[in-house]
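Only one structure is covered here, and it is reproduced in the block below.
The values are calculated or read from the model by the stated rules, or taken from the named source; none is laboratory data. No experiment lies behind these values; they were computed from the predicted model shown. Neighbour counts run over all protein chains shown; Cβ positions are idealised from the backbone, glycine included.
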Amino acid sequence: QAKTLGRGRHHFFDVGLRERMQRRLRMEQDLRDAVHDGQLWPAYQPVVDLRTGEMVAVEALLRWTHPRHGAISPVEFIPLAEESDLINVIGKEMLRATTRELAARRGSQGLDLTLKVNLSTRQLDDPHLVPAVRDALAGTGLPAGALCLEVTESALMRDQEAAAEVLASLRSLGVLLAIDDFGTGYSSLAQLRRLTLDTLKIDRSFITGIAESRDAAAIVTSIIAMAHAVDLTVIAEGVESAEQVDLLRSLGCDQAQGYHLGRPVPAAELFGPQ
Ligand code: C2E
Ligand code: MG
Ligand code: MG
Ligand code: MG
């Protein structure tokens with residue numbers, strides 16, 4: 001009987017594994033189709049200045065509307081794209097589309113917002129990244145200083161020498177640089193300083209408990225102090241309540257982003273019809 005059970009379990013495992021692999025292969029093919037069929041699009045989430053309450057920037061967040069499966073989260077498909085060359089194609093198109101959108105809004109509505117675009121580790125390794133950023137700016141007329149590229153702390157810490165070099169090239173174009181999801185990696189003050197960044201985004205996991213937990217608030221307080229010591233603008237991400245907004249303001253946090261202040265939405269919803 002034990003043997004039967006064992007065999008059953010073995011068989012069961014194989015089916016699960018095969019299904020997972022098939023699902024992945026299918027999703028990768030779907031993602032390739034999505035790129036060509038225009039199923040990928042940027043949502044925009046406001047970033048608010050905590051002193052004035054005004055929207056000062058927008059973060060572009062990739063969205064995939066699958067014709068049959070509906071919305072698929074970037075948390076699911078970005079890692080898949082990163083395993084192939086797809087992330088570079090998608091990343092470049094994201095840069096092109098969002099700089100075009102923001103440049104147009106600038107021209108027609110006089111909107112003076114910073115555009116934030118996420119870069120993945122794989123994009124930092126791509127020799128075509130810097131020319132692609134330069135072309136996106138030149139092609140749309142968006143001022144370099146109105147573009148801020150976000151790189152996660154873990155991507156920056158993976159290969160520090162290489163990352164520092166790419167960031168220096170990007171910086172020489174005049175764009176701003178942000179360290180994203182800060183607190184989830186292990187960077188030191190010295191490393192932060194050497195990378196010459198402009199902005200530090202405190203990871204959502206540190207913001208979640210600040211209104212309830214003194215420890216959580218203490219950690220955020222020290223991150224803000226550290227960031228300000230090396231002249232970084234601090235953004236809190238994942239702000240979901242008015243209490244968190246008030247507390248972050250009182251702690252001297254510069255800007256905030258989160259569902260309480262505005263969800264990621266299509267351009268027309270945030271800026272009005274083009
Ligand atoms: P991220 O860059 O840290 O973006 C913030 C994420 O937090 C977004 O998730 C956003 O929708 C979500 N968020 C914002 N406010 C709140 C809040 O108040 N509560 C909660 N629970 N979540 C909030 P999203 O859009 O699912 O994106 C997830 C991640 O996928 C991003 O994290 C980023 O790392 C990656 N990603 C998104 N778009 C791109 C892209 O165009 N290129 C690359 N390379 N990565 C992207
Ligand atoms: Mg980001
Ligand atoms: Mg983040
Ligand atoms: Mg995050």
Say whether the condition of being in a helix (DSSP H, G or I), touching a helix residue (DSSP H, G or I) at 6+ places or on another chain (Cβ under 8 Å) and under 25 Å from Glu165 (Cβ atoms) is met by at least one residue in segment 109-119.
no
Taking segment 195-209 and keeping only residues that are more than 13 Å from ligand 4 (Cβ to nearest atom), surrounded by fewer than 17 Cβ atoms within 10 Å (Cβ to Cβ) and β-branched (Val, Ile, Thr), one is left with Thr196
Within segment 210-267, work out how many residues are exposed (fewer than 15 other Cβ atoms within 10 Å of the Cβ), part of a loop (DSSP other than H, G, I, E, B) and away from ligand 1 (no atom under 15 Å from the Cβ).
4
I'd like to check something: does segment 84-94 contain any residue that is of a type in the set (Gly, Ala, Ser), at pLDDT below 95 and over 14 Å from Leu142 (Cα atoms)?
yes
Within segment 136-145, does at least one residue satisfy the condition of being at pLDDT 90 or above and farther than 27 Å from Phe271 by Cα?
no
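The rows are residues; the columns are (1) over 15 Å from the mean Cα position of the chain (by Cα); (2) not charged (D, E, K, R).
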| residue | (1), (2) |
| --- | --- |
| Leu61 | no, yes |
| Pro67 | yes, yes |
| Gly70 | yes, yes |
| Asp85 | yes, no |
| Ile90 | no, yes |
| Arg96 | yes, no |
| Thr99 | yes, yes |
| Arg106 | yes, no |
| Thr114 | no, yes |
Note: among Ser169, Ser154, just one is within 13 Å of ligand 2 (Cβ to nearest atom), over 28 Å from Ala267 (Cβ atoms) and of a type in the set (Gly, Ala, Ser), namely Ser154
Given the conditions (1) of a type in the set (Gly, Ala, Ser); (2) modelled with pLDDT under 95; (3) farther than 20 Å from Pro42 by Cβ, every one holds for Ser172 apart from (2)
